[in-house]
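*Asks:* Right, I'll just put the structure down here and ask away after.
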Amino acid sequence: MGRRIKRPTLPLNLGPGVPKAKRLELWMRDQGLTFKDIATQLGVHHTWPGKVLVAKTEKLTPERRRQLIDVVGVPEELV
């Protein structure tokens, strides 16, 4: 009973009709992450991930892109 079953990760290629923001949301849910968790890992304001990844109101620099992929583990196709 103390054993935890790890859920399989969601496929990222959900089809052409699923927007990137929705795929990101599903991936984050699967990983148990929130935008605040991502912000904490990167040391940025808690609204930054949403502004960059979903709303696209701020520019994503190559350095931050690399951090999202390497540090947080966000799949490259979702950044």
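*Asks:* With each pseudo-label sitting 7 Å past Cα toward Cβ, what's the Val71-Lys56 distance in nm, one decimal?
*Replies:* Output for this residue pair reads 2.5 nm.
*Asks:* Right, next: What's the local net charge at Pro62, with K and R +1, D and E -1, over the other residues with C-beta under 13 Å away?
*Replies:* Taking every other residue near Pro62 into account, the sum is +1.
*Asks:* FRET efficiency for Glu63 and Thr34, Cβ-Cβ distance as r, R0 = 22 Å, nearest 0.05? Show your work: numbers first, answer last.
*Replies:* Values: r = 23 Å, r/R0 = 1.02.
Result of the calculation: an efficiency of 0.45.
*Asks:* Could you give the accessible area per residue of segment 13-79, probe 1.4 Å, as a whole number in Å²? It would help to have the intermediate numbers written out before the result.
*Replies:* On the way: 4170 Å² over 67 residues.
Using a 1.4 Å probe on heavy atoms only, each residue of segment 13-79 averages 62 Å².
The values are calculated or read from the model by the stated rules, or taken from the named source; none is laboratory data. Everything numeric in this text was worked out from a predicted model, so none of it was measured. Positions of Cβ are generated from backbone atoms using ideal geometry, with glycine treated the same way; all protein chains shown enter the neighbour counts. With ligands, DNA and RNA removed, areas are computed over all heavy atoms of the protein, side chains included. Shrake-Rupley method; radii C 1.70, N 1.55, O 1.52, S 1.80 Å.
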